[in-house]
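One structure below.
The values are calculated or read from the model by the stated rules, or taken from the named source; none is laboratory data. Given the structure is predicted, the values throughout are model-derived calculations rather than measurements. Glycine gets a Cβ as well: all are built from the backbone with ideal geometry, and neighbour counts include every protein chain shown. Side chains are part of the model used for accessible areas, which takes the heavy atoms of the whole protein and leaves out ligands, DNA and RNA. Shrake-Rupley method; radii C 1.70, N 1.55, O 1.52, S 1.80 Å.
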Amino acid sequence: MSNIVRLVVACVFFGAAVALCAFGFWGWGILVLLFGGIVLLSFFFNENMILAQYFLRKENSEKAETWLLKITDYEKQLHKNQHGYYNLLIGLIESRKAPMKSEKYFKKSLQLGMKMSHNIALAKLSLAGISMAKRNKREAQMYLSEASKDDKNKLLTEQIKMMKGQLAQMDKQVVRGGYRQF
């Protein structure tokens, strides 16, 4: 359902609630007002996104993907503030199947913007991992330093430390009978 339709339906519910209260049907008016509030709340927080986040937390990426695929056109169905989060969720699901293909979703989520700093740090940490897989050490270091700056609540400190350790090991990989020589 498009966001404009949601707003129209919410306005109809609120108008009906006011009319019911004006005619003396207070119980029905309050009930219709609650339904209008739920529809208005779904304008700001899409139910498909909420369910997809729930299933990702439960590590059931197949169900999360089915709920995200129900959003056919995210620019019309989601509020503008949710576009970055939608691309972040798609990137997280895609990174479990094909990590290199998820890079465009993480970059798009950073470009569209997200309000929570730990989500920005998660996207940059994922981009650092992709850069390490591509053997691009400079870009990986840049994303890791930005991720550590954006992780203000220190939710991803252990993952960042682990990635920095892996980054330090990149130069010490064994190559046919010895270590790499520079």
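Can you tell me which residue within the stretch 64-80, out of those that are assigned to a helix (DSSP H, G or I) and open to solvent by 100 Å² or more (accessible area, probe 1.4 Å), is modelled with the highest pLDDT?
Filtering the stretch 64-80 for residues assigned to a helix (DSSP H, G or I) gives 64-69, 74-77, 80.
Those still in the list that are open to solvent by 100 Å² or more (accessible area, probe 1.4 Å) too: 69, 75-76, 80.
On the way: 69: 92, 75: 88, 76: 86, 80: 89.
So the residue we want is 69.
Which condition from (1) open to solvent by 100 Å² or more (accessible area, probe 1.4 Å); (2) modelled with pLDDT under 90 is the one that residue 104 breaks?
Condition (2) is where residue 104 drops out.
Residue by residue through the stretch 21-57, note down the ones that are within 17 Å of residue 95 (Cβ to Cβ) and open to solvent by 30 Å² or more (accessible area, probe 1.4 Å). Give the steps one after another, and end with the answer.
Looking only at the stretch 21-57, we keep the residues that are within 17 Å of residue 95 (Cβ to Cβ), and these are 52-53, 55-57.
Matches in the stretch 21-57: 53, 55, 57.
In the set 98, 128, which member is touching a residue at least 12 places away in the same chain (Cβ under 8 Å), open to solvent by less than 40 Å² (accessible area, probe 1.4 Å) and not β-branched (Val, Ile, Thr)?
Values: 98 fails: touching a residue at least 12 places away in the same chain (Cβ under 8 Å).
Sole residue among the options that is touching a residue at least 12 places away in the same chain (Cβ under 8 Å), open to solvent by less than 40 Å² (accessible area, probe 1.4 Å) and not β-branched (Val, Ile, Thr): 128.
Using beta carbons and a limit of 6 Å, which pairs, at least six apart or on different chains, have the first residue in the stretch 75-90 and among the small types (Gly, Ala, Ser) and the second one in a helix (DSSP H, G or I)?
From residues that are among the small types (Gly, Ala, Ser), the pairs are 84/109; 84/112.
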